[in-house]
Amino acid sequence: MIRRSLPLVLAALVAAPLGAQVGHTPENSPFEDLRGKQALTIFTGSVAPGGDPAGVGPRTGLQLGTRYELLLTGPLWLQVRATYAPSLERTVKDPVLTGAARELGTSTRPLAAMEAGFGLNLTGNKSWHRVTPQLHGAFGFVTGGTKQFDPGGYRFGNKFTVSYGLGLRIVTGREWEVQADVTHLFWKYSYPNDYRVSSSSTVNTSILQGGPLTQTKGNAVLSIGMSRFFFR
C-alpha cells in the first residue's frame, strides 16, 4: 500500500510549487527573478564555539567577514568567505596543578578563517515573496593567530574546517540586499598528553576525564550583512 501511494505523494510534492504559480499575473506573482550574477557581502555576527571538553578553546565573540559569490548555473553559486574575530577569550590551564590553582587566567586571541564552497537556492533563480532560502556547504581552514603554546602546553593552532548552513537572501529590488546566515562549523581540537595524565593514584584530576586527545566539535556562526549584486 505504501509503495503504491509513494509515486502519488512525490507527484503532489513536485506539482505543489508549480501550482502555486498558476492563477497569478506576472505583476502579482509571489515569485520574482533574482538580479545579479556576482555579489560581494560585508557582514557581522557572532561565533559561538561549543563542545570543547578541556575548556581551553575560544569563547563566544564578535566576528566580522566578507563573502564573494559567483553564479555558476541555475540556482548554484560558488562562494568564498573570509572571517575575522578580533578578540576571543581563552582560559589558560596548567595540567600539573589542581583545583582553583589550575586556571591561570585568560588570554585574548584573534581567530581568522577562510572557506570555499557552494550555495544552492531552494527557490531556484527566483525569490518567493522577496525571500530566497539557500543551503550552503564549504571546506576551509581556521587559525588561532599565534605559534606559541600556553604554559599548559596547548595552542589552538591551524585547523581544517568543514561547514554547512542555511542562509536567507532578502530581495529589495535594488543592487543592495540583506543576507542572514546560520552556519554549523566543525574543527578539530588537539590536546597535549599532559591533559589526560592524572596526578593522583586514587583520584583522577586530569583536565580530560576521558575520551581521546583529538576531538572534532561543532561551532555555531550567526551573521547578518549587506550584499551588493553586480551584472544583472
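The values are calculated or read from the model by the stated rules, or taken from the named source; none is laboratory data. All values derive from a computational prediction rather than experimental measurement. Ideal geometry is used to build each Cβ from the backbone, glycine not excepted, and the neighbour counts take in all protein chains shown.
Kindly provide the set of residues from region 163-196 that are buried (at least 17 other Cβ atoms within 10 Å of the Cβ), in a loop (DSSP other than H, G, I, E, B) and at pLDDT below 90, ordered by number.
The one that is buried (at least 17 other Cβ atoms within 10 Å of the Cβ), in a loop (DSSP other than H, G, I, E, B) and at pLDDT below 90: VAL171.
Any residue in region 97-119 that is without any contact (Cβ under 8 Å) to a residue 24 or more places away in the chain, at positive phi and in a strand (DSSP E or B)? Break it down into steps so the answer makes sense when it comes.
Kept after step one, since they are without any contact (Cβ under 8 Å) to a residue 24 or more places away in the chain, are these residues of region 97-119: 97, 99-101, 103, 105-106, 108.
With the extra rule that they be at positive phi, the set shrinks to 99, 105.
From what is left, the residues that are in a strand (DSSP E or B) are 105.
Yes: region 97-119 contains one or more residues that are without any contact (Cβ under 8 Å) to a residue 24 or more places away in the chain, at positive phi and in a strand (DSSP E or B).
Do we find that PHE139 is more than 30 Å from GLN209 (Cα to Cα), of a type in the set (Phe, Trp, Tyr) and touching a strand residue (DSSP E or B) at 6+ places or on another chain (Cβ under 8 Å) in this structure? So that I can check it myself, show each step before the final result.
On the way: more than 30 Å from GLN209 (Cα to Cα): yes; of a type in the set (Phe, Trp, Tyr): yes; touching a strand residue (DSSP E or B) at 6+ places or on another chain (Cβ under 8 Å): yes.
Yes: the conditions hold for PHE139.
Checking the structure you have, find out if any residue of region 197-209 is under 28 Å from ARG67 (Cβ atoms) and assigned to a loop (DSSP other than H, G, I, E, B). So that I can check it myself, show each step before the final result.
If we filter region 197-209 for residues that are under 28 Å from ARG67 (Cβ atoms), which is where we start, we get none.
The answer is no, given that none of the residues of region 197-209 is under 28 Å from ARG67 (Cβ atoms) and assigned to a loop (DSSP other than H, G, I, E, B).
On the basis of being over 10 Å from the mean Cα position of the chain (by Cα) and modelled with pLDDT under 95, does PHE160 make the cut? Steps first, answer last, please.
On the way: over 10 Å from the mean Cα position of the chain (by Cα): yes; modelled with pLDDT under 95: no.
For PHE160, the condition - over 10 Å from the mean Cα position of the chain (by Cα) and modelled with pLDDT under 95 - is not met.
Of the residues that sit in region 1-56 and are surrounded by fewer than 10 Cβ atoms within 10 Å (Cβ to Cβ), modelled with pLDDT under 65 and among the polar types (S, T, N, Q), which one is nearest to THR172 (Cα to Cα)?
Top of the filtered list is THR25.
Test GLY152 against the criterion of being more than 30 Å from ARG196 (Cα to Cα), in contact with a Pro (Cβ under 9 Å, 6 or more places away or on another chain) and buried (at least 20 other Cβ atoms within 10 Å of the Cβ), and give yes or no. Working first, answer last.
Details: more than 30 Å from ARG196 (Cα to Cα): no; in contact with a Pro (Cβ under 9 Å, 6 or more places away or on another chain): yes; buried (at least 20 other Cβ atoms within 10 Å of the Cβ): yes.
It is false that GLY152 is more than 30 Å from ARG196 (Cα to Cα), in contact with a Pro (Cβ under 9 Å, 6 or more places away or on another chain) and buried (at least 20 other Cβ atoms within 10 Å of the Cβ).
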